[in-house]
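**Student:** To start, I am sharing the structure in question, which I have written as structure tokens.
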Amino acid sequence: MINTIRCSLVNYDGGSQALLQQYIRRAGCQELTLTTSLMAYPEEISPVTESDLIFLHLASPEELVQNDLAVRLKQHQGVVITSPFPRQQFPDLFTQPFAFLTEPFSFAQFNKCLTAYCQATS
């Protein structure tokens, strides 16, 4: 069932994006990467919100998410936020994510997130 999960990546830089793409391929999932800043909200976001899991990178607790994007992500059940900062440093997140992964995270942690998603949606 994991290989049918469609994953989208939003707001990733080169290094963290490459590692996450490697994890996605290793797990056998499908991937769509949206290379944009959180403030430059593109109209082409609909393929992303049709994904099962949306991995959203927040580089810092102060990073803002453009309002239109935030509204769409709030309505999505599979938002996974990744950041080099731990969850407790984000007291006022715009949404309650399905999961929060502190970078760097291992493939085991990534796979645990996928497994939890499969269990929650089956």
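The values are calculated or read from the model by the stated rules, or taken from the named source; none is laboratory data. What you see is a predicted model; the values in this text were computed from it and never measured. Cβ coordinates were reconstructed from backbone atoms using ideal geometry, including for glycine residues, and neighbour counts include every protein chain displayed.
**Student:** Within segment 17-41, restricting attention to residues that are out of contact with any Lys or Arg (no Cβ under 6 Å at 6 or more places or on another chain), modelled with pLDDT of 85 or more and surrounded by 14 or more Cβ atoms within 10 Å (Cβ to Cβ), which residue is farthest from His76 (Cα to Cα)?
**Tutor:** If we take residues in segment 17-41 being out of contact with any Lys or Arg (no Cβ under 6 Å at 6 or more places or on another chain), modelled with pLDDT of 85 or more and surrounded by 14 or more Cβ atoms within 10 Å (Cβ to Cβ), then Leu19 is farthest from His76 (Cα to Cα).
**Student:** Among the residues of segment 1-11, are any modelled with pLDDT of 90 or more, over 11 Å from the mean Cα position of the chain (by Cα), among the aliphatic types (A, V, I, L, M) and outside any loop (DSSP other than H, G, I, E, B)?
**Tutor:** Within segment 1-11, none of the residues are modelled with pLDDT of 90 or more, over 11 Å from the mean Cα position of the chain (by Cα), among the aliphatic types (A, V, I, L, M) and outside any loop (DSSP other than H, G, I, E, B).
**Student:** Please identify the pairs in which a residue from segment 83-109 that is free of Cβ contacts under 8 Å to residues at least 12 places away in the same chain has its Cβ atom under 7 Å from the Cβ atom of a residue that is of a type outside the set (Lys, Arg) and not in a loop (DSSP other than H, G, I, E, B), counting only partners at least 6 apart or on another chain.
**Tutor:** Listed pairs, sorted by first residue: Gln109/Leu101.
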